[in-house]
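Worksheet for the structure shown next.
The values are calculated or read from the model by the stated rules, or taken from the named source; none is laboratory data. All of these numbers come straight from a predicted model, not from anything done at the bench. Reconstructed Cβ throughout: ideal geometry from the backbone, glycine too, with neighbour counts over all protein chains shown. All accessible areas refer to the heavy atoms of the entire protein, side chains included, with ligands and DNA or RNA removed. Shrake-Rupley method; radii C 1.70, N 1.55, O 1.52, S 1.80 Å.
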Amino acid sequence: MKFKPIYLYGFILIAVVTTLIVVSQSNASKETIKGDITQKQMPQDDVHKNLSTQQQNPTGANVNQEVFEKLKMMKKLADAKPTDTLKIREYADFLSAAHKPDEAITYYEKILSIDKRRKDIYLAITFDYYNLNKLDKAEEVTRRMLQIFPNDPMANYNIGAIEATRGNKEKAREIWNKLINNNPADKISELAKSSVTKL
């Protein structure tokens with residue numbers, strides 16, 4: 001199974017939309033915003049500042065002490081208030097941006113245990129699993145979302161992207177064409193049209 005980054009664009013769009021929702025609803029600080037993973041330069045956030053511009057892959061060894069302190073503080077706040085989904089979300093987003101998606105997913109799941117109708121959280125988990133190339137897990141989370149929101153265009157697009165990444169191009173084409181027909185005016189349909197041409 002070969003990972004094809006071309007289908008990641010849909011997930012990037014979803015991450016951006018999710019970030020905009022979170023920021024507009026909670027006035028969350030800039031640290032919670034996920035960087036665009038397609039940009040060629042290192043993101044200029046608390047996680048990545050002070051890293052050498054020559055280093056390509058940040059690791060635990062080159063993330064500065066300030067970030068570790070920030071993570072500890074945010075974890076303490078999230079754990080101290082296990083029903084405060086805003087604090088949990090801020091911490092999960094920061095973990096994801098700090099290249100700790102497995103830990104982020106654990107905290108995102110805590111939010112879903114409180115409120116199963118959080119589309120933004122299903123999409124964030126799917127995004128992290130997709131980036132980890134755990135396609136079965138990404139599909140599992142997306143199917144959970146579709147049980148609650150069966151006609152959600154982003155969730156349906158993601159199922160197509162997962163199939164395309166697995167190499168099931170005809171299945172992806174079928175899913176995306178159905179999405180386009182059922183949601184002709186939706187922006188996700190435009191993304192689906194573009195993705196179909198790349199199959």
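Is it the case that Lys116 is part of a helix (DSSP H, G or I), open to solvent by 80 Å² or more (accessible area, probe 1.4 Å) and of a type in the set (Lys, Arg)? Answer is no for this residue. Taken over the range 119-134, the residue count meeting the criterion of being assigned to a helix (DSSP H, G or I), open to solvent by 10 Å² or more (accessible area, probe 1.4 Å) and of a type in the set (S, T, N, Q) is 1. Only residues that are at pLDDT 95 or above and surrounded by 15 or more Cβ atoms within 10 Å (Cβ to Cβ) were counted across the range 180-191, and they come to 1. Within the range 99-122, not a single residue is under 27 Å from Ser194 (Cβ atoms), modelled with pLDDT under 95 and aliphatic (A, V, I, L, M).
Within the range 92-104, being in contact with a helix residue (DSSP H, G or I) (Cβ under 6 Å, 6 or more places away or on another chain) and either touching a residue at least 60 places away in the same chain (Cβ under 8 Å) or open to solvent by less than 10 Å² (accessible area, probe 1.4 Å) (or both) holds for Ala92, Asp93, Phe94, Leu95, Ser96, Ala104.
Among the residues making up the range 135-173, those that are in a helix (DSSP H, G or I), open to solvent by less than 30 Å² (accessible area, probe 1.4 Å) and within 16 Å of Lys119 (Cβ to Cβ) are Ala138, Val141, Thr142, Met145, Leu146, Pro153, Ala155, Tyr157, Asn158, Ile159.
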